[in-house]
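Below is one structure, written out as structure tokens, with a few remarks after it.
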Amino acid sequence: MKRIAIVGGGISGLSAAFVLEQRRRLGAELEYVLFESSPRFGGVIHTELVDGCVVEAGPDCFLTEKPWAADLCRELGLADQLIASNDAVRKTYILVKGRLLPLPDGLMFTVPTNFRAAFLSPLFSRRTKLRMIREWFYPRHQSGDRTVADFVERHYGHEMVERIADPLLAGIYGGSADELSLLSVLPRFAEMEAKYGSLGRAMIASRKKPASPHPLFTSLRNGMQQMTDALLARVPQLALQANTTVESVKRESRKWLVFAGGRTVEFDGIIIATPAHIACEMLGADAGLANELRAIRYSSSVTVTLGYDEGVRAALPAGFGFLVPRAETRRLLAATFVHNKFPGRAPQNRALIRCVLGGTRNESILESSEEEVLSVVREELRQILGISEPPLFVRVYKWKQAMAQYNVGHGARVERIRNLLAGMPGLAIAGNAYSGIGVPDCVRSGTDAAAKVGGDLGIS
Ligand SMILES: Cc1cc2nc3c(=O)[nH]c(=O)nc-3n(C[C@H](O)[C@H](O)[C@H](O)COP(=O)(O)OP(=O)(O)OC[C@H]3O[C@@H](n4cnc5c(N)ncnc54)[C@H](O)[C@@H]3O)c2cc1C
């Protein structure tokens, strides 16, 4: 009988547990234990039902084009619970000099594909519009890794970085365009530059293929936690150890020793599915791997969801929400009009606004009390959207060092980590620090980690 430890009960660790459980049920001779330091499993995936509204503390959806999360939901019997974003009303605004300006139709990240809409948009200066024309004639270009800001600036100038690229990346990664890696964050764009030179021409060429019939985002009817709850229901209670922090792990006599809750437990294999900065502390004795993991930076964030009545709902602009460039010197990074983004998120007489703060721009917000955070959010919503009435309810969630930053050189680091792991039988790592930060990527990383450890231990 092979024994495997999984450390970390977020979506990555739970996905790994699900794979092991499937193999066990098929007759593989294995046992596993899932260690989770907090009282609840699910990690940053956490949904609450408040006043008839679905409130997401962490992720609220996933990208449909990455299939691993939706496939997992189907395997878990949740196919009929998958819901599509309301793309017909998808409109995102950018705050510029205190005004909300819509992103023009056809803008793919920073690449205009509908020139008429881009030229008519008040979001861009005449100078940027001229850059869009010039960009069409760019020659092919291939280079090593560089920041997203360098890349976008080369094609469209600084205004495109400041108004579009940086706020979008702040909203997704909590990161900054002048640190994040082109090759890790936008690999497709680097390929387009190498093949076509102009991103505009590359986009138009790729659009000759039929448009995808799928929605941009997918979620679950009762919130993202439906997925982690369904995973938990598949794992036997005996395998679940909540409230148990793993302090360290050590390789000794072809076994893995796990130190947790004042005890040492022996395993044949181990999957570490915690953030990399925690994994490196655990693996302290292995300096090479620990140093690589330590170098992966993280950002923190705070999400604040506010519920309002139908009066506020009627007065809000149509669309999914807005992003805030750093030049606006606000604390808000982004706000989502949740009731518009997915069906069934709030009753007709409720507006649900979710705000994101923090990121590498404003890490210190985490030290503020919930009251302070709420007062910042309410003041900024008053100035931006004109909402002065008190919310009907509020939920504030803090996520410390939860989002990995794929800074320049990240891809090469992940390659080195992979090579180091190849020489460490029975050990795998999973999570958002390596090959994708989204929920689907984490599902895949947990699944791959279970496959690696299973393979190392000869479990078919
Ligand atoms: C606010 C926010 C919004 C996001 N929005 C989206 C989105 O809309 N769409 C999307 O696709 N992605 C989104 N993401 C990213 C995505 O949700 C995460 O990358 C993913 O859920 C991370 O899962 P994980 O299991 O790797 O890590 P986590 O969820 O962080 O889980 C790690 C677990 O390990 C446990 N742990 C830590 N240390 C120990 C220890 N020593 N011993 C035992 N257990 C330990 C922790 O308690 C935690 O439960 C968002 C992330 C955040 C923070």
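The values are calculated or read from the model by the stated rules, or taken from the named source; none is laboratory data. This one's a predicted model, so the numbers in the text were calculated from it and none came from an experiment. So basically every Cβ, Gly included, is an ideal-geometry build from the backbone, and we count neighbours across all protein chains shown.
Hey, could you check region 41-52 for residues that are more than 8 Å from the ligand (Cβ to nearest atom) and of a type outside the set (S, T, N, Q) and say which is nearest to G10 (Cα to Cα)?
Top of the filtered list is H46.
Can you name the number of the only condition in (1) within 12 Å of the ligand (Cβ to nearest atom); (2) closer than 23 Å to H46 by Cβ that V249 fails?
V249 satisfies every listed condition except (2).
Quick check on my filter: what residues within region 102-156 are part of a helix (DSSP H, G or I) and touching a strand residue (DSSP E or B) at 6+ places or on another chain (Cβ under 7 Å)? Explain how you work it out, then say what you get.
Of all residues in region 102-156, those part of a helix (DSSP H, G or I) come to 115-120, 126-135, 148-156.
Residues satisfying the conditions are A118, M132, V148.
Would you check if V44 is out of contact with any helix residue (DSSP H, G or I) (no Cβ under 7 Å at 6 or more places or on another chain), β-branched (V, I, T) and in a loop (DSSP other than H, G, I, E, B)?
On the way: out of contact with any helix residue (DSSP H, G or I) (no Cβ under 7 Å at 6 or more places or on another chain): yes; β-branched (V, I, T): yes; in a loop (DSSP other than H, G, I, E, B): yes.
Judged against the criteria, V44 is a match.
What do you reckon, is P104 buried (at least 17 other Cβ atoms within 10 Å of the Cβ) and in contact with a Ser or Thr (Cβ under 9 Å, 6 or more places away or on another chain)?
For P104, the condition - buried (at least 17 other Cβ atoms within 10 Å of the Cβ) and in contact with a Ser or Thr (Cβ under 9 Å, 6 or more places away or on another chain) - is met.
Quick check on V55: is it more than 8 Å from the ligand (Cβ to nearest atom), among the β-branched types (V, I, T) and surrounded by fewer than 20 Cβ atoms within 10 Å (Cβ to Cβ)?
For V55, the condition - more than 8 Å from the ligand (Cβ to nearest atom), among the β-branched types (V, I, T) and surrounded by fewer than 20 Cβ atoms within 10 Å (Cβ to Cβ) - is not met.
Looking at L231, L238, can you tell me which residue is of a type outside the set (V, I, T), in a helix (DSSP H, G or I) and under 23 Å from A57 (Cα atoms)?
L231
Looking at L20, L14, which is the one that is within 9 Å of the ligand (Cβ to nearest atom), within 16 Å of S445 (Cα to Cα), in contact (Cβ under 8 Å) with a residue 24 or more places away in the chain and surrounded by 24 or more Cβ atoms within 10 Å (Cβ to Cβ)?
Numbers: L20 fails: within 9 Å of the ligand (Cβ to nearest atom).
The conditions single out L14.
Taking region 252-270, which residues are out of contact with any Asp or Glu (no Cβ under 7 Å at 6 or more places or on another chain) and within 11 Å of the ligand (Cβ to nearest atom)?
Selection gives V258, G261.
In region 332-375, what residues are modelled with pLDDT of 95 or more, in a helix (DSSP H, G or I) and not aliphatic (A, V, I, L, M)?
H339, N340, K341, E367, E370, E371, E372, S375
Filter region 402-438 down to the residues that are more than 15 Å from the ligand (Cβ to nearest atom), of a type outside the set (G, A, S) and assigned to a loop (DSSP other than H, G, I, E, B) and list them by number.
V408, M424, P425
Taking region 23-40 as the search range and keeping residues that are part of a loop (DSSP other than H, G, I, E, B) and more than 7 Å from the ligand (Cβ to nearest atom), which one is nearest to the chain's Cα centre (by Cα)?
R40
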